[in-house]
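J.: Would you mind keeping the following structure in view while I ask a few things?
The values are calculated or read from the model by the stated rules, or taken from the named source; none is laboratory data. Note that this is a predicted model, so its numbers are computed, not measured. Using ideal geometry, Cβ is built from the backbone for each residue, glycine included, and neighbour counts are taken over all protein chains shown.
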Amino acid sequence: MNLPLRLCEVMGDLRSDYGLSDMEQPLLREVFEIWCGLRSGRRIPRVQALDPVHFLRFSANLVVCDVLDDGDVEFRIAGESVTSARGASLRGVRVLTVQQERGRNLSTQQYLDAAQLAVPTYYDGPSHMFGKAYLRCQRILLPFVDESGACRKILGVLVFGAHPPRDTGWVASIL
């Protein structure tokens, strides 16, 4: 099955077109470029480089998550656009709890993968937001690591749009 999930290649220069050419949203490309600039020669930027000033203009579409010692991911900040699409605040919500309550799905798994693998993750596909109609979601999840290289924070930017095009592959990818 061809899932709409792509992991960005993190070896070498991330500013290359690889992984960025699929991103239709200029907002996602811009956030990715800022993240690349924060790497300071490293593969993945350090947590200390995560300065809210860099991302203020994206605040409506932003999520910031803590990666906990047990591997779970907890939402700390969720912008207005994300909260509106979900219909409730994500603040304090843990990904593993959502999986236990609603079952494993591609969205929750991406947050866990970004945390465990410490690699940027890009997604463009459907998002069924808690009983609402399917929305198109374009999302990039960007890890920040501590001195040991363990992912400690995830910065995500999500852009929601109208229903995805009629493509049975999209529906199959989330089941």
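J.: With the condition kept exactly as written, say whether any residue in the stretch 40-50 is touching a residue at least 40 places away in the same chain (Cβ under 8 Å) and within 25 Å of residue 161 (Cβ to Cβ).
T.: No, the conditions are met nowhere in the stretch 40-50.
J.: Quick check on the stretch 41-60. Is at least one of its residues at pLDDT 85 or above and within 13 Å of the chain's Cα centre (by Cα)?
T.: no
J.: Shifting gears a bit: Within the stretch 35-49, how many residues are touching a strand residue (DSSP E or B) at 6+ places or on another chain (Cβ under 9 Å), of a type outside the set (D, E, K, R) and surrounded by fewer than 18 Cβ atoms within 10 Å (Cβ to Cβ)?
T.: Count: 4.
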